[in-house]
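Here's the structure we're looking at; comments come further down.
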Amino acid sequence: MERLPSWLRLHLAAIRAVAVFTVLLGLIYPLVTTGVAQALFNGNANGSIVQAGGKDVGSALIGQSFTDADGNPVRKYFQSRPSAAGDGYDPTSTSASNLGPEDIVDTLPVPGAKDEEGNPDKGKQSLLTQVCARSKAIGELEGVSGTRPYCTSDAVGAVLKVFPDRAVSVNQACPAAPFVATYQGLKVECGKPGEDYAAGRTVPVRGDAGTPAVPADAVTASGSGLDPHISLAYAELQAPRVARERGLAVERVKALIDEHTTGRALGFMGDPAVNVLELNLALDRS
């Protein structure tokens, strides 16, 4: 039998290598790791599913909303933090809002205008206005002040565009009354939808709001959009409302919060956090 040409021998060796590594890394290794995971970490390997009444109700690793069909908070439950993943806590669309601290100017909706899909123009809220609106809504829900620095009383970003002869409260659409009447001697106008204010100097106005009563995690989404936890401060803010709606003593609700609070990772990283799903299920059991 004649010796095979060198180029053919090289190709055959490559094919054998691909076949061997395909079996090792594409079949044997996944089967071994899956088997070990199922044997030693069954619950984690299967998604850390949480059950209630014999039914799957969620995952301890993925947050979910506790709202009614209209999106309103169910008052007897602790509420999760906002989510930018899809329509909220969608594992197939995990993401952040990709909006940063400099995103403070809204795009006001133009009356009568349509978007690309033919729907009425809704404009675009800046991150600042989203935070202001969430803080006001949570303040009303929990019976505390929802005011924050750089927010107006009507829950939009307190931002001016300043020109040589005037100033514009760009996030307050006309005919709204601007949150300040004048700025450095200039009259402040309301924002006109569709007008281009890009040439103006952007000036966020802090106002006289003190330390917010509503915690930061209550008004901002997590990086993944799937965070199942809230801060201890946000849980304690909600405790009186949940206790009142369920006819429980506040001390009992706070005790359940403590039972479902996880410590810092490795004892020093991050902050204590409360798993919202597990806490709400404990409330239902109680």
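In this structure, does THR129 turn out to be among the β-branched types (Val, Ile, Thr) and within 23 Å of PHE78 (Cβ to Cβ)?
In short, no.
The number of residues in the range 48-82 being open to solvent by less than 30 Å² (accessible area, probe 1.4 Å) and under 15 Å from the mean Cα position of the chain (by Cα) comes to 5. Pull up the range 99-118, narrow it to residues that are modelled with pLDDT of 85 or more and exposed (fewer than 15 other Cβ atoms within 10 Å of the Cβ), then point me to the one that is nearest to the chain's Cα centre (by Cα). So the residue we want is GLY100. Among the numbered conditions (1) under 19 Å from ARG134 (Cβ atoms); (2) in a loop (DSSP other than H, G, I, E, B); (3) in contact (Cβ under 8 Å) with a residue 40 or more places away in the chain, the only one that GLN238 does not meet is (2). Any chance the range 222-230 includes a residue that's modelled with pLDDT under 95, open to solvent by less than 50 Å² (accessible area, probe 1.4 Å) and either part of a helix (DSSP H, G or I) or at positive phi (or both)? Looking through the range 222-230, at least one residue is modelled with pLDDT under 95, open to solvent by less than 50 Å² (accessible area, probe 1.4 Å) and either part of a helix (DSSP H, G or I) or at positive phi (or both). Residues in the range 258-280 that are surrounded by fewer than 19 Cβ atoms within 10 Å (Cβ to Cβ) and hydrophobic (A, V, I, L, M, F, W, C): ALA265, LEU266, PHE268, MET269. Might you check whether a residue that is more than 24 Å from GLN172 (Cβ to Cβ), open to solvent by 50 Å² or more (accessible area, probe 1.4 Å) and either at pLDDT 95 or above or assigned to a loop (DSSP other than H, G, I, E, B) (or both) occurs anywhere in the range 119-139? No, the range 119-139 has no match at all. Here is a list: ALA96, ALA19, ALA45. Which entry is within 23 Å of the chain's Cα centre (by Cα) and of a type in the set (Gly, Ala, Ser)? Among ALA96, ALA19, ALA45, only ALA96 is within 23 Å of the chain's Cα centre (by Cα) and of a type in the set (Gly, Ala, Ser).
Say whether the condition of being closer than 22 Å to GLY223 by Cα, modelled with pLDDT of 90 or more and of a type in the set (A, V, I, L, M) is met by at least one residue in the range 51-70. Within the range 51-70, one or more residues are closer than 22 Å to GLY223 by Cα, modelled with pLDDT of 90 or more and of a type in the set (A, V, I, L, M). Could you list all residues from the range 147-191 that are within 12 Å of VAL203 (Cα to Cα), within 28 Å of the chain's Cα centre (by Cα) and either surrounded by fewer than 21 Cβ atoms within 10 Å (Cβ to Cβ) or without any contact (Cβ under 8 Å) to a residue 12 or more places away in the chain (or both)? The one that is within 12 Å of VAL203 (Cα to Cα), within 28 Å of the chain's Cα centre (by Cα) and either surrounded by fewer than 21 Cβ atoms within 10 Å (Cβ to Cβ) or without any contact (Cβ under 8 Å) to a residue 12 or more places away in the chain (or both): TYR150.
When the helices (runs of 4 or more DSSP H) confined to the range 1-109 are screened for residues that are of a type in the set (Gly, Ala, Ser), those reaching at least 3 such residues are found at 6-23, 29-40.
The values are calculated or read from the model by the stated rules, or taken from the named source; none is laboratory data. Given the structure is predicted, the values throughout are model-derived calculations rather than measurements. Note that each Cβ is placed from the backbone with ideal geometry, even for glycine, and that neighbours are counted across all protein chains shown. Accessible surface areas use protein heavy atoms only, side chains included; no ligands, DNA or RNA. Shrake-Rupley method; radii C 1.70, N 1.55, O 1.52, S 1.80 Å.
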